[in-house]
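The next block holds one structure in the form of structure tokens; read it before the comments.
The values are calculated or read from the model by the stated rules, or taken from the named source; none is laboratory data. The shown structure was predicted, so the numbers you read here are calculated from the model rather than taken from an experiment. Using ideal geometry, Cβ is built from the backbone for each residue, glycine included, and neighbour counts are taken over all protein chains shown. Please note that ligands, DNA and RNA were not included when accessible areas were found on the heavy atoms of the full protein model with its side chains. Shrake-Rupley method; radii C 1.70, N 1.55, O 1.52, S 1.80 Å.
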Amino acid sequence: MSDEQLVIVERQPEQRTALVRLNRPKQLNALNGAVMDALCVALEELDRDEGVRAIVVTGSERAFAAGADIGEMAEATPIDMLITNRIGQWDRIRKVTKPVIAAVNGWALGGGCELAMALDIIVAGEGAKFGQPEISIGVIPGAGGTQRLTRAVGKARAMTMILTGEPITAREAHAAGLVAVVTQDELVVDDALTMAAKIATKSPLALRLAKEAVNAAFEMSLTDALAHERRLFYLLFASEDQKEGMAAFIEKRDPDFKGR
């Protein structure tokens, strides 16, 4: 199967957004190496595209992604995992500088949950379910599940989900802080694209540095993170977008950001 079939990219030039759709519906979008590579390539290409300012990643009605492809890993050795560097593909996603929204319907389990958490915002349908069931097949989450889930929902909820393998509903995920928005299942992609279009009206430079600053909050001490935030804030005063944004505010008009 070609990369074009595994991942479908749809651009909306007028909104400066793009929709990336995982396309293994029969396998519930199980994340094998080829799918992950195709997804990384698509996101990296969109990250370089100046006509795109915000991205949405989605799956199918039944599943955002129902985990990793177990058949691909069942007989793997530690050296196989090291050489193929499967988890390294998540590092590529983490390096995408533009805002990326996960539009989740159905199952987001294992690697699928980890993929959603690796993105910036999660919009979920009412029927969506999130879980890390790896414990049931003799392993643990390996693509950030133990770390990102704990940071999102706290130790107690993360321990319960990871040690029992039981999923939680979209409403529970929202209450726990994992999901930003819960909407009707049939509106998930549209609502995520609407959010992306709103984000895309902002300064691309400010979006990039805002994303960087928020992510830094999980990796730095408060003192270091505040200093980092301040440097990024000052840096934006070297941009044309800062001048345009403040002028537009004073003149009571919509800004025209150029990303410079």
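Summed over the range 210-228, the residues that are in a helix (DSSP H, G or I) and within 23 Å of Gln147 (Cα to Cα) give a count of 13. Residues that are within 16 Å of the chain's Cα centre (by Cα) and not hydrophobic (A, V, I, L, M, F, W, C) were ranked within the range 132-155; the one that is surrounded by the fewest Cβ atoms within 10 Å (Cβ to Cβ) is Gln147. Taking the stated definitions as given, is Ala74 over 14 Å from Pro167 (Cβ atoms) and either modelled with pLDDT of 95 or more or in contact with a Leu (Cβ under 8 Å, 6 or more places away or on another chain) (or both)? No.
When Glu219 is tested against the conditions (1) in contact with a Pro (Cβ under 6 Å, 6 or more places away or on another chain); (2) open to solvent by 60 Å² or more (accessible area, probe 1.4 Å), the lone failure is (1). Scan the range 7-27 for residues that are open to solvent by less than 70 Å² (accessible area, probe 1.4 Å), under 18 Å from Gly67 (Cα atoms) and more than 18 Å from the chain's Cα centre (by Cα) and the total you get is 2. Taking every residue in the range 180-205 that is without any contact (Cβ under 8 Å) to a residue 40 or more places away in the chain and farther than 16 Å from Gly59 by Cα and pairing it with any residue that is assigned to a strand (DSSP E or B) and among the acidic types (Asp, Glu), at least 6 positions away or on another chain, yields no pair with a Cβ-Cβ distance below 8 Å.
Could we say that Val41 is touching an Asp or Glu at 6+ places or on another chain (Cβ under 7 Å), free of Cβ contacts under 8 Å to residues at least 60 places away in the same chain and surrounded by fewer than 18 Cβ atoms within 10 Å (Cβ to Cβ) here? Yes: the conditions hold for Val41.
Would you confirm, using the coordinates I've provided, whether Leu22 is in contact (Cβ under 8 Å) with a residue 12 or more places away in the chain and within 26 Å of Leu209 (Cβ to Cβ)? Against the criterion (in contact (Cβ under 8 Å) with a residue 12 or more places away in the chain and within 26 Å of Leu209 (Cβ to Cβ)), Leu22 does not qualify. Mind checking which residues of the range 28-42 are at pLDDT 90 or above, over 15 Å from Ile55 (Cα atoms) and assigned to a helix (DSSP H, G or I)? Within the range 28-42, Ala34, Val35, Met36, Asp37, Ala38 qualify.
Is it the case that some residue within the range 233-251 is polar (S, T, N, Q), touching a residue at least 40 places away in the same chain (Cβ under 8 Å) and surrounded by fewer than 19 Cβ atoms within 10 Å (Cβ to Cβ)? For the range 233-251, residues polar (S, T, N, Q), touching a residue at least 40 places away in the same chain (Cβ under 8 Å) and surrounded by fewer than 19 Cβ atoms within 10 Å (Cβ to Cβ): absent.
Table: residues versus (1) modelled with pLDDT under 95; (2) in contact with a strand residue (DSSP E or B) (Cβ under 9 Å, 6 or more places away or on another chain); (3) among the hydrophobic types (A, V, I, L, M, F, W, C).
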{"position": "Lys198", "(1), (2), (3)": "no, yes, no"}
{"position": "Glu212", "(1), (2), (3)": "no, no, no"}
{"position": "Ala227", "(1), (2), (3)": "no, no, yes"}
{"position": "Arg231", "(1), (2), (3)": "no, no, no"}
{"position": "Gln242", "(1), (2), (3)": "no, no, no"}
{"position": "Ala247", "(1), (2), (3)": "no, no, yes"}
{"position": "Arg260", "(1), (2), (3)": "yes, no, no"}
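Within the range 106-120, the residues that satisfy the criterion of being out of contact with any helix residue (DSSP H, G or I) (no Cβ under 7 Å at 6 or more places or on another chain) and more than 16 Å from Glu172 (Cβ to Cβ) are Gly111, Gly112, Leu115, Leu119. Kindly indicate whether Ala158 is open to solvent by less than 10 Å² (accessible area, probe 1.4 Å), free of Cβ contacts under 8 Å to residues at least 24 places away in the same chain and under 20 Å from the mean Cα position of the chain (by Cα). So Ala158 fits the description; yes.
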